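K.L.:
Have a look at this one before I ask anything.
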Amino acid sequence: MTPSPVRIARRYLLAVNVPFDAASIEKLRKDFLMLLKNVDRVSSYEDLTKLRTAARTWNDHYDGSVQNLLRGLSDTIWFVLTGEMKYNDFYADQHRGWVKHWDAKIRAGYWPLHTEFMSLPYEPLELWLDKWDGRFSAEEGKASILAKWERDKKKWSEKAKREARKAWAALDEYVTWVGQRREGTAPVQEMKEVYQQDVDGFSVTFVGMEGDHDYYRSAVEKFKVGIAHYRERAAKVFPLLLGPAKLPLQLRGDQGIDCGGKYEGRHIVICPLNAPPKEYAHVIAHEMGHHVYQVYLSGDAKEFWSAAIRQDYAEADLNEILAEWREGEWSMDVLKRLALTDPILALQIDGLSRTHDWGSREDAVTYLQKYGPKVHVPTTPITGYATKNTEEAFCEAIGRLVGYGSRAVHPLILHWLTIILPREVKIAKSTRQAFPVLSPP
Ligand SMILES: [Zn+2]
C-alpha cells in the first residue's frame, strides 16, 4: 500500500520534532541568570556548596541539551535540506558540509561556558582538610574556601556571562537557520496537487507545486521561462532535443528542493531550483541528454566519447592546486571565486571535491597527507559533476551548451560533440574559440 501524502507528511513532522528550539535556549538562559543572581548572596561555606551543586545541575542540563542537539544534528539537517527521511546521493555533499559547519559552530559556542562552570571556585571541605593533613580545623578550612571564592567570584561570574553570550548566539543562529530552511522544505505541506499543462509545446505535469508558498510560485515562473529558453536554444544548437529526444516533463515539489533532475525513461523529473531560468534549461537539457545517450547514440559514438573523455585526464600535483585554494575556503566558494579568472582550475577543484568528498581545503590537505600529491583531473573539464562518469560528462556538455551557450563549453569538447553527432549538433565556427567563460550558476 502506498502511504497517503498526509500520512507521509505527518511522519516527517514527527521526525523533525527536534527537541531544541528558541524556547529551549530561553529556558537555559533564564536558569543561568537565576543561578548567577546567587553569586553575591553566598555568605557561608554551606551557601557556597549549595550554589556549586546548583551550578553542576545546571551544567549537566546544559551539557545534556547540547549533546542531544549535536546527536540529532545530522538527521535534523537532512530533513531540513531534503524533507525526506530516505538517503539519496543528491544531497550527500551539501548535507555533509552543513553538518560539519553547524557541529563546529555549536561546539565552539558551547564548550567555553561548559568548562567555565566546571571551574567554579570551590573546594570540598574534606579534600581541603586532607590536603593540609589535619593541620587546620574544619572552621579554618571553610573560611579559607570561602575567602578564595570571595576573591575569585567576580572574575569567574563575569567570564561565565561573556561565554554564555557566545553560547546563546551560536545556538540562536542554528535555531534560526533550521526554522528558515524548514519553511522552504517541500514535503511539510500536507497535500500534493497534480495538474497538467502545455508549456511552449511541452507537456508538463506539475506535482506538489501548488499552495501559496512564494518559493513554488517563483519556481514555476522561472521554470516556464527556462523552458522557453531551452526551446529557443535547442532549436539553434541541438534540434534533436525538440524532435526524437523530446520527453514529457514533470516539475515536482515533492522531491525536496535543489535535487536537480532525474531521467526516468519515459519522462523527466525536474525539481524546483533556487536558480535562474537558464539553470532550468541546463537541467532539462542534461536529463534529455541521458535519453539521447541511452537511446539515440550508437555504440561507436559512445565508445569514441568515453575514450575521448578518459584520455583527457592527466596527473596533477595537489600541492599546486592547494596553492590557489585559500585557507578555510569551502569547495563551493573556491569554485565561485575562480569561475571567471581560472575556470579550468575551478572546475578541476570542483570535480576533485566531488570525487573525494572534500568539503573544504582542510579535507584536501588531509587527503594530501594520507595519499600524497598525485591526483587526476580532466585537462578540459566540462563541469565538476561531469567527472562522475562519461555519460554524465556527455549530459553536462549538452546541458551547458543548451543552457549557457557554446561559449560555456570548451572548444575541444564541442569538437568531440560534433564528431559523434555530426548532423545534430550545430555550432557556428565563429563561437568555437570563445572558451573559457563560465557562466556563474
Ligand atoms: Zn545525469
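The values are calculated or read from the model by the stated rules, or taken from the named source; none is laboratory data. Just so you know, these numbers come straight off a predicted model, no measurement behind them. All Cβ positions, glycine included, derive from the backbone under ideal geometry; neighbour counts span all protein chains shown.
K.L.:
Residue by residue through the stretch 292-309, note down the ones that are surrounded by fewer than 19 Cβ atoms within 10 Å (Cβ to Cβ) and within 12 Å of the ligand (Cβ to nearest atom).
P.N.:
Selection gives Gln294 alone.
K.L.:
Which residues, counting only those in the stretch 218-270, are aromatic (Phe, Trp, Tyr) and either in contact (Cβ under 8 Å) with a residue 40 or more places away in the chain or in a helix (DSSP H, G or I) (or both)?
P.N.:
Once the filter is applied, which keeps residues that are aromatic (Phe, Trp, Tyr) and either in contact (Cβ under 8 Å) with a residue 40 or more places away in the chain or in a helix (DSSP H, G or I) (or both), the stretch 218-270 yields Phe223, Tyr230, Phe238.
K.L.:
Out of (1) away from the ligand (no atom under 15 Å from the Cβ); (2) in the same structural domain as Arg231 (by TED's automatic domain parsing); (3) without any contact (Cβ under 8 Å) to a residue 60 or more places away in the chain, what's the single condition that is false for Ala323?
P.N.:
If we test Ala323 against (1) away from the ligand (no atom under 15 Å from the Cβ); (2) in the same structural domain as Arg231 (by TED's automatic domain parsing); (3) without any contact (Cβ under 8 Å) to a residue 60 or more places away in the chain, just (2) comes out false.
K.L.:
Moving on to the next point. Condition first: of a type in the set (Val, Ile, Thr) and surrounded by 17 or more Cβ atoms within 10 Å (Cβ to Cβ). Now tell me which residues in the stretch 49-78 satisfy that.
P.N.:
Let us first name the residues in the stretch 49-78 that are of a type in the set (Val, Ile, Thr), namely 49, 53, 57, 66, 76-77.
Of everything in the stretch 49-78, those that are of a type in the set (Val, Ile, Thr) and surrounded by 17 or more Cβ atoms within 10 Å (Cβ to Cβ) turn out to be Val66, Thr76, Ile77.
K.L.:
Right, something else. On the given criteria, is Gly289 at pLDDT 95 or above and within 16 Å of the ligand (Cβ to nearest atom)? Spell out the reasoning first.
P.N.:
On the way: at pLDDT 95 or above: yes; within 16 Å of the ligand (Cβ to nearest atom): yes.
So Gly289 passes the test.
K.L.:
Filter the stretch 421-441 down to the residues that are surrounded by fewer than 20 Cβ atoms within 10 Å (Cβ to Cβ) and within 20 Å of Thr387 (Cα to Cα), then identify the one that is modelled with the lowest pLDDT.
P.N.:
Here the residue is Pro441.
K.L.:
Evaluate the following for Ala307: is it assigned to a helix (DSSP H, G or I) and not hydroxyl-bearing (Ser, Thr, Tyr)? Explain how you work it out, then say what you get.
P.N.:
Numbers: assigned to a helix (DSSP H, G or I): yes; not hydroxyl-bearing (Ser, Thr, Tyr): yes.
Here the answer is yes, as Ala307 does meet what is asked.
K.L.:
For the stretch 367-409, give me each residue that is away from the ligand (no atom under 12 Å from the Cβ) and either assigned by TED's automatic domain parsing to the domain that holds Met288 or charged (D, E, K, R) (or both).
P.N.:
If the condition is that a residue be away from the ligand (no atom under 12 Å from the Cβ) and either assigned by TED's automatic domain parsing to the domain that holds Met288 or charged (D, E, K, R) (or both), then Lys370, Lys374, Arg400, Arg407 are the ones that fit.
K.L.:
List pairs: first residue in the stretch 98-126 and in the same structural domain as Leu28 (by TED's automatic domain parsing), second residue in a loop (DSSP other than H, G, I, E, B) anywhere in the structure, Cβ distance under 8 angstrom, at least six positions apart or on different chains.
P.N.:
The qualifying pairs are Lys100/Gly359.
K.L.:
Mind listing whichever residues of the stretch 217-248 are more than 13 Å from Ile270 (Cβ to Cβ) and among the hydroxyl-bearing types (Ser, Thr, Tyr)?
P.N.:
Narrowing the stretch 217-248 to residues more than 13 Å from Ile270 (Cβ to Cβ): 217-218, 221, 225, 228-229, 231-246.
Selection gives Ser218 alone.
K.L.:
Output the qualifying pairs, or none if there are none: Cβ atoms under 6 angstrom, residues six or more apart or on different chains, first residue in the stretch 202-217 and of a type in the set (Phe, Trp, Tyr), second residue surrounded by 17 or more Cβ atoms within 10 Å (Cβ to Cβ) and modelled with pLDDT of 85 or more.
P.N.:
Phe202/Ile227; Phe202/Leu249; Phe206/Leu251
K.L.:
Of the conditions (1) farther than 30 Å from His229 by Cβ; (2) within 16 Å of the ligand (Cβ to nearest atom), Ile284 fails just one. Which one is it?
P.N.:
Of everything listed in (1) farther than 30 Å from His229 by Cβ; (2) within 16 Å of the ligand (Cβ to nearest atom), Ile284 misses just condition (1).
K.L.:
Scan the stretch 107-116 and tell me whether some residue there is hydroxyl-bearing (Ser, Thr, Tyr) and within 19 Å of Asp31 (Cβ to Cβ). Break it down into steps so the answer makes sense when it comes.
P.N.:
Residues of the stretch 107-116 that are hydroxyl-bearing (Ser, Thr, Tyr), as a first pass: 110, 115.
Adding the requirement that they be within 19 Å of Asp31 (Cβ to Cβ) leaves 110, 115.
Checked the stretch 107-116: at least one residue is hydroxyl-bearing (Ser, Thr, Tyr) and within 19 Å of Asp31 (Cβ to Cβ).
K.L.:
Would you confirm whether or not the stretch 357-380 contains a residue that is in contact (Cβ under 8 Å) with a residue 12 or more places away in the chain, surrounded by fewer than 22 Cβ atoms within 10 Å (Cβ to Cβ), within 30 Å of Pro239 (Cα to Cα) and small (Gly, Ala, Ser)?
P.N.:
no
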